[in-house]
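Report on one structure; see the data block that follows.
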Amino acid sequence: MAIPNMTGDEARTALRELKQAVYNHDQWSEMLFATLICRLPPDQRDMSSDAHRMCRFGQWYHKSGIVALQQHSGFAGIGIEHKRMHHCAAALLRSSAEQEPIAIADYERFVTALKRLRLEIATVQHELESALYDLDPLTGTPSRLGMLTKLREQRELVIREVQGCAIAMVDLDHFKTVNDTYGHVVGDKVLVGVARYIMAHLRAYDKVYRYGGEEFLISLPSTSLETARDIVDRLREGLSQLRHQADGKAAFHVTVSIGLALLDPDIPVEHSIDRADKALYVAKTSGRDRTVAWQPSMNMLSDELEAAS
């Protein structure tokens, strides 16, 4: 599972909401056990068919929830296990209310459902915390810290022929001019704006990393080179229309150049990145604001030329 692309603020908000929801669930669990042990009158809402929507955790999950996590399979798993847990809890409460002994099988089903729910929650919480740790402090995108690990995992899927994967190196055109003209504060805002646009317009399972400086690397799983070109060309065109503001000056636009390559199962990930970087160099030297896919002939590019890009 992977956390969908979200900004640092969104990830922090998601984590804070999740922790509050877990606290509310723990409070509900304590009250449930008190009801069963002390033979208290049960809350009728906990015995209804939609009890999983009426508790505070359920209200959060179904009515507010974490919008950025809606596409995450772990978030869906939380909903499934939460509903199952409430179904099992209702059976216990009915037995208690009717003064009948609680069957050990019913109790075990409830405990199992509760453990599975907590596992789903803990998994999503851990991924959010890990994502926050790996985020680039300026742009809010994942940094290079965990990039190679994730790309190597994708390469393993390519090796097993489970799915292909394309990568794109994205570089802002004439970014030095932006810094020289408007200052580094505005330059940082441009980087943030570009990063947020990319994250907002990728598929849920794509990832964008701050590669360094004004460069980003995008991972596009389950994607052919042709489809990848369509995706990044839409990004490139959208970014060229993105308005950037500088105090006291007219709004301006910044274009990007993109180099594409596939993760090759026969070479290390670093070499595939190098191919995308070579394609990026060709894109920049042939006019910028364009997408170029790697070709074997690009291996003739010298290290000096690549460094000049």
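Results, tabulated for the structure shown:
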read-out	value
Filter result for residue 238 (touching a helix residue (DSSP H, G or I) at 6+ places or on another chain (Cβ under 7 Å) and either farther than 23 Å from residue 298 by Cβ or of a type in the set (Val, Ile, Thr) (or both))	yes
Residue in segment 108-126 that is of a type outside the set (A, V, I, L, M) and closer than 23 Å to residue 200 by Cβ present	no
Residue, farthest from residue 75 (Cα to Cα), within segment 124-145, restricted to residues that are out of contact with any strand residue (DSSP E or B) (no Cβ under 7 Å at 6 or more places or on another chain) and surrounded by fewer than 15 Cβ atoms within 10 Å (Cβ to Cβ)	138
Number of the exception - residue 169 against (1) assigned to a helix (DSSP H, G or I); (2) assigned by TED's automatic domain parsing to the domain that holds residue 288; (3) aliphatic (A, V, I, L, M)	(1)
Filtered residues of segment 172-187 (kept if on the phi < 0 side of the Ramachandran plot and in a loop (DSSP other than H, G, I, E, B))	173
Residues (small (Gly, Ala, Ser), surrounded by 14 or more Cβ atoms within 10 Å (Cβ to Cβ) and part of a strand (DSSP E or B)) located in segment 188-247	219, 246
Residues of segment 239-270 classified as more than 21 Å from the chain's Cα centre (by Cα) and under 29 Å from residue 177 (Cα atoms), total	22
Cross-chain or 6+ apart pairs with Cβ under 6 Å, segment 1-27 first and at pLDDT 90 or above, then surrounded by fewer than 18 Cβ atoms within 10 Å (Cβ to Cβ) and charged (D, E, K, R)	24/56
Neighbours by Cβ (under 8 Å, 6+ apart or cross-chain): first from segment 156-169, β-branched (Val, Ile, Thr); second modelled with pLDDT under 90	158/164
Residues satisfying the stated conditions in segment 248-293, i.e. surrounded by 15 or more Cβ atoms within 10 Å (Cβ to Cβ), of a type in the set (A, V, I, L, M) and assigned to a strand (DSSP E or B)	256, 258, 260, 261, 262, 292, 293
Some residue of segment 232-252 being under 25 Å from residue 155 (Cα atoms), of a type in the set (S, T, N, Q) and assigned by TED's automatic domain parsing to the domain that holds residue 173	no
Close pairs from segment 272-283: first in the same structural domain as residue 156 (by TED's automatic domain parsing), partner aliphatic (A, V, I, L, M) and part of a helix (DSSP H, G or I), Cβ under 6 Å, at least 6 apart	278/298
Unmet requirement for residue 66, which otherwise passes all of (1) crowded, with 16+ Cβ neighbours inside 10 Å; (2) at pLDDT 90 or above; (3) in contact with a helix residue (DSSP H, G or I) (Cβ under 9 Å, 6 or more places away or on another chain)	(2)
Residue match in segment 157-176 (condition: of a type outside the set (A, V, I, L, M), within 16 Å of residue 268 (Cα to Cα) and surrounded by 15 or more Cβ atoms within 10 Å (Cβ to Cβ))	yes
Condition met for residue 151 (assigned by TED's automatic domain parsing to the domain that holds residue 268 and assigned to a helix (DSSP H, G or I))	yes
Close pairs from segment 171-187: first under 12 Å from residue 255 (Cβ atoms), partner of a type in the set (A, V, I, L, M) and assigned to a helix (DSSP H, G or I), Cβ under 8 Å, at least 6 apart	171/280; 172/178; 172/190; 172/191; 172/194; 175/190; 178/186; 178/190
Given (1) over 14 Å from the mean Cα position of the chain (by Cα); (2) among the β-branched types (Val, Ile, Thr); (3) in a helix (DSSP H, G or I), index of the condition residue 124 fails	(1)
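The values are calculated or read from the model by the stated rules, or taken from the named source; none is laboratory data. Bear in mind the structure is a predicted one, so any value in this text is a computation, not a measurement. Note that we place each Cβ from the backbone using ideal geometry, even for glycine, and neighbour counts take in every protein chain shown.
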